[in-house]
Structure formats: C-alpha cells, structure tokens
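This report concerns only the one structure given below.
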Amino acid sequence: MPTQAKREMIDSMVELLNKSNAVFITEYRGLTVKKVSDFRRRIRAAGGEMKVCKNTLMRIAFDEAKIIRASEHDTGPNGYVLSYGDVAAVAKTIRDFSKEKGNDALVIKAAILDGKILTKDQIFVLADLPSKDVLIAQVVRTIAAPLQGLVTVLSGPARGLVTCLSQIKDKKDAA
C-alpha cells in the first residue's frame with residue numbers, strides 16, 4: 001500500500017495524464033542539471049511538461065488513468081514528457097534537443113499517443129510533421145483554391161465587358 005506522499009504523487013500524475021494527449025518516455029541519465037532545466041524550459045515553450053517520477057508509481061498512474069504503458073521502456077531514470085497541445089511541436093523539441101551537441105545523453109525511448117506505443121523512429125516522423133497551424137493553413141488553402149478559380153472564371157465576362165466599354169469610350173474620345 002503506497003504511503004500518503006506516494007498516493008498524492010500518483011493522483012497528481014493521473015490528473016496530468018488525463019489532461020495530456022501524448023506521453024513521451026525519455027531517459028535523462030548523464031545530463032547535467034543545467035541541461036535538464038533547459039530541456040524542461042523548451043518543453044514548456046512547446047506546450048508540454050516534463051515530470052520525473054518513480055517507474056513503479058508511473059505504472060500505477062498509467063493503470064489508474066487507463067492508458068496503455070510501454071512496459072519494456074519503464075526501467076532506468078525516466079523523464080515523462082506530457083504534451084498538452086501540439087504533439088508534433090513537443091516531439092520536434094525533444095528530437096532537436098537530443099540531436100544538439102552534448103545532449104546525446106538524452107535517450108528517447110517511446111511515446112504513447114492515442115492508445116498506441118510509438119518507437120523512436122515513429123517519434124522522429126511525427127517531429128517532421130508541420131505544426132498544427134501550418135496543417136490547418138494548408139487545408140484551408142486547398143479548400144479555397146477551387147473557389148478562387150470559380151470567382152476568377154465568373155468575373156471574366158464582366159471584366160471583358162468593362163474592357164470593351166473602356167475601349168469604345170477611348171475611341172469616341174479620340175474621334
């Protein structure tokens with residue numbers, strides 16, 4: 001039976017897991033405190049949060065939140081990055097930080113997204129996606145393109161009539 005402090009930690013993690021739309025599991029062994037703090041700051045800026053919790057307590061929290069867990073990745077000192085907004089932006093932040101010189105100690109183990117466990121390669125593919133705002137802009141542009149073409153076609157005869165009347169006026173003014 002967990003102690004009161006552990007129970008509070010589990011309840012806190014369950015609440016955060018229920019609010020999040022993805023969980024990234026990373027191992028931070030070998031990173032300095034300064035680098036971990038920088039990593040946390042970048043994650044917050046991307047719309048996420050990094051939590052460090054004992055693996056046993058996280059297993060209980062995952063079970064209570066009814067989220068599948070990547071049991072083969074819950075060994076070692078894990079940092080759990082919770083995404084609350086744009087999952088691709090958080091994945092991109094994690095990937096970019098891990099690729100920077102001196103940050104190779106950050107190991108990306110797995111992610112849990114929509115009830116599926118993603119591998120490191122799948123996380124990198126997710127990180128390559130454009131942001132949510134860019135994707136929405138692309139969809140809107142795709143929908144608007146045929147409408148813009150229709151407006152251009154429909155305005156053609158009126159434009160032609162105005163041009164013709166303008167030329168007739170110019171000829172009468174010249175004569």
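Details
- Entry note, the chain: the mean residue ellipticity at 222 nm calculated from DSSP H runs of n ≥ 4, each adding -39500 (n - 2.57), is -20000 deg cm²/dmol after division by the residues and rounding to the nearest 500.
- Taking Cα atoms only, the orientation of helix 55-64 departs from the longest principal axis of the chain by about 60 degrees.
- Normalised by 2.2 N^0.38 Å, where N is the number of residues, the alpha-carbon radius of gyration of the stretch 37-87 equals 1.21.
- The average projected area of the stretch 4-129, computed from the convex hull of its Cα atoms over all directions, is 7.1 nm².
- Taken over the C-alpha atoms, the stretch 130-175 has Rg and Dmax values of 19.4, 62 angstrom.
- In the frame of its principal axes, the stretch 61-156 has Cα extents of 68, 38, 19 Å, reported largest first.
- The ranking of 37, 20 by Cβ neighbour count inside 10 Å, starting from the fewest, reads 37, 20.
- Cleavage-rule hits, GluC sites (Glu not before Pro), the stretch 1-66, DSSP coil, Cβ neighbours within 10 Å at most 10: none
- Residues of type lysines that residue 66 reaches as a straight line, Cα spacing below 28 Å, ignoring anything fewer than 8 places off in the same chain: 6, 19, 51, 54, 92, 109, 116, 120, 132
- Helix 4-19 axis versus longest C-alpha principal axis of the chain: approximately 20°, rounded to the nearest ten.
Just so you know, all these numbers are worked out from the coordinates, no wet-lab data involved. All figures in this text were calculated on a predicted structure; none of them were measured in a lab. Reconstructed Cβ throughout: ideal geometry from the backbone, glycine too, with neighbour counts over all protein chains shown.
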